[in-house]
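Every number in this text was worked out from the coordinates using simple rules, so none of it is lab data. Note that the coordinates shown come from a computational prediction; the quantities given were computed from them, not determined experimentally. Positions of Cβ are backbone-derived with ideal geometry, glycine not excepted, and every protein chain shown enters the neighbour counts.
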Amino acid sequence: MDNIKQLKKFWSKKKVFITGHTGFKGSWLCIILSYLNANVHGYALKPKKNSLFRKSEIKKSLSSNTFGDINDIFKLKKKVKLLKPEIIIHMAAQPLVIESYKNPLETFNTNIIGTLNLLESVRNVKSVKSVIIVTTDKVYKINKKNKSYKELDQLGGFDPYSASKVGAEIITDSYIQSFFKNSILKNKISTVRAGNVIGGGDFSKNRLVPDIIFAINNRKKLKIRNPQYIRPWQHVLDPLLGYLMLAKKQYLNKINDNQHAWNFGPSNKNFKKVIDVVKYIKKLHNFNYVISTNKRFKETKYLKLDSSKAKKKLNWTSKLSLDESLKFTIDWNRNTKKELSIKSICERQFLMYINKK
Ligand SMILES: NC(=O)c1ccc[n+]([C@@H]2O[C@H](COP(=O)([O-])OP(=O)(O)OC[C@H]3O[C@@H](n4cnc5c(N)ncnc54)[C@H](O)[C@@H]3O)[C@@H](O)[C@H]2O)c1
């Protein structure tokens, strides 16, 4: 992985267009890229009140900030044409499975047509030299064997969210084969697949680590469901740095294998029980919890990604263990109480991450 000097050397003054920049991953990415002196342009819906985007005040560091709908092809196209970005990272999406059952039409529109609009906006814009389309680990058709998924495994999505991201994958493949294979964008567009992430600044409800932080901050008793469930845990910095490494390689014409999909999953050691995570955080921070007695125990299958392609071709690995990822997240929360600026807390953790051997 690049050191901070190498990162700054490449990213300084690069014009980067991020869709979904007001979300959790997008805000971290804006903070990192602004720290590396890139010219960051964002396009997304307005942020939620309680969000990393607002709390970090990252808007002040952006070169431009557009609140717009990804489904608005005219506005999006106009922005891309006007700004002439060199690198595009497309993250705007409806990212929640439960929400996708409630609002399938919105999910399919945003995740499929939104991606189509982005690809359409990129065509004929000569400044663009690298495009990253963020999908998910949920694009793989579930196999019965407990094996790790590789990029060429069959795709399939059962719930509307997964199906919409499979749609984004297929549309990207179609655009590459139909329009970009013989253009200057050959080998410069990829889809990236990672699972759920944790980290400071995630204020989502009904997710274990944000719920624990809420319980700590508000002295509330935490109710734990399904303590024996096994989940993968990955810090948000791990996939984000993978996306940046891939974006750089594409920009520098160093990708030449015609396989546009990339996995950026956690290491197998980061699959742990919910209760183990609770106990680990309790060692760092006191809080009370009760285990809800749910008799309908049903283990959810969690996908394991085989990320050996990213390791081999980008020298990328998931750097943070589960303990380290949790410590980063809890420390982030502690530091926000010391009246340090949230942006500087994120920057400091980014530096610790980069300097970690
Ligand atoms: N967070 C995770 O654990 C995780 C896991 C796998 C994949 N992903 C993917 O990573 C990306 C970012 O996820 P996140 O967790 O930061 O989500 P988030 O909900 O925090 O952010 C989503 C972003 O997309 C924008 N957006 C949503 N609908 C839009 C629309 N119609 N027009 C314009 N912008 C719109 C929002 O404004 C926001 O900026 C998504 O593509 C998601 O599917 C996330």
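I184 versus K282, label points 7 Å from Cα toward the beta carbon: distance in nm?
5.9 nm
Taking 8 Å as the Cα distance limit and 6 or more residues as the minimum spacing, I'd like the relative contact order of the stretch 205-335 as a percentage.
Here the relative contact order equals 41 percent.
What does the charge add up to near S100, with Lys and Arg as +1, Asp and Glu as -1, over the other residues with Cβ less than 13 Å from its Cβ? Intermediate results must be reported in sequence, preceding the final value.
Details: positive: K102, K138, K165; negative: E99, E106, D159.
Cβ neighbours under 13 Å give a net charge of 0.
Report the calculated FRET efficiency for S127 and E57 (r = Cβ-Cβ distance, R0 = 25 Å), to the nearest 0.05.
About 0.30, to the nearest 0.05.
Considering the chain as a Gaussian network with a 10 Å cut-off on Cα pairs, which listed residue, Y101, Y35, Y161, attains the greatest mean-square fluctuation?
Comparing Y101, Y35, Y161 in a Gaussian network model of the chain, the most mobile one is Y101.
List the trypsin sites (Lys or Arg not before Pro) within the stretch 47-119 that DSSP assigns to loop and that have no more than 11 neighbouring Cβ atoms inside 10 Å.
Sparse-neighbourhood loop trypsin sites (Lys or Arg not before Pro): K49.
Given R₀ = 25 Å, what would the calculated FRET efficiency be for E324 paired with K5, taking r from the Cβ atoms and rounding to 0.05?
0.60
Between the helical axis of 24-35 and the dominant principal axis of the chain, each derived from Cα atoms, what acute angle in degrees is found, rounded to the nearest 10?
60 degrees
Out of every Cα pair in the stretch 104-171, what percent are spaced more than 14 Å from each other?
Here the long-distance tail beyond 14 Å is 61 percent of all Cα pairs in the stretch 104-171.
Along Cα→Cβ, 7 Å out, is where each label goes; now give me the distance between the ones at N71 and D159 in nm to one decimal.
Rounded to a tenth, the inter-label distance reads 2.1 nm.
Out of the trypsin sites (Lys or Arg not before Pro) in the stretch 233-342, which ones are loop residues according to DSSP with at most 10 other C-beta atoms within 10 Å? Spell out each step's value before the answer.
Numbers: sites: K248, K249, K254, K269, K272, K273, K279, K282, K283, K295, R296, K298, K301, K304, K309, K311, K312, K313, K319, K327, R334, K337, K338; in loops: K254, K295, R296, K298, K301, K304, K319, K337, K338.
In loop regions of the stretch 233-342 (DSSP not H, G, I, E or B), the sparsely surrounded trypsin sites (Lys or Arg not before Pro) are K295, R296, K298, K301, K337, K338.
Please compute the Kirkwood hydrodynamic radius over the chain, one decimal place, Å, based on all pairs of different Cα atoms.
20.8 Å
Work out which GluC sites (Glu not before Pro) in the chain are exposed loop sites (DSSP not H, G, I, E or B, at most 14 other Cβ within 10 Å) and give the longest gap free of them.
My reading of the result: 58-298 is the longest stretch.
Taking the chain as the reference, fit the longest principal axis to its C-alpha atoms, fit the long axis of helix 208-218 to the helix C-alpha atoms, and give the angle between the two in degrees, 0 to 90, nearest 10.
60 degrees
As an exercise, identify the chymotrypsin sites (Phe, Trp or Tyr not before Pro) in the stretch 269-356 lying in DSSP coil whose Cβ has no more than 11 other Cβ atoms within 10 Å.
Here the sparse-neighbourhood loop sites are F297.
Can you give the Rg to Rh ratio of the stretch 12-88, both from alpha-carbon atoms, with Rh computed by the Kirkwood formula? Write down the numbers at each step before the final one.
On the way: Rg = 11.6 Å, Rh = 12.3 Å.
Ratio of gyration radius to Kirkwood radius: 0.95.
Let me see the P(r) profile for the stretch 150-227: every Cα-Cα distance counted, bins of 10 Å, each bin given as a percent of all pairs.
Whole-percent P(r) values from 0 Å outward: 14, 29, 24, 19, 11, 3.
Leaving out same-chain residues fewer than 8 places away, which aspartates and glutamates sit with a Cα under 14 Å from that of K150?
Within reach: D137, D306.
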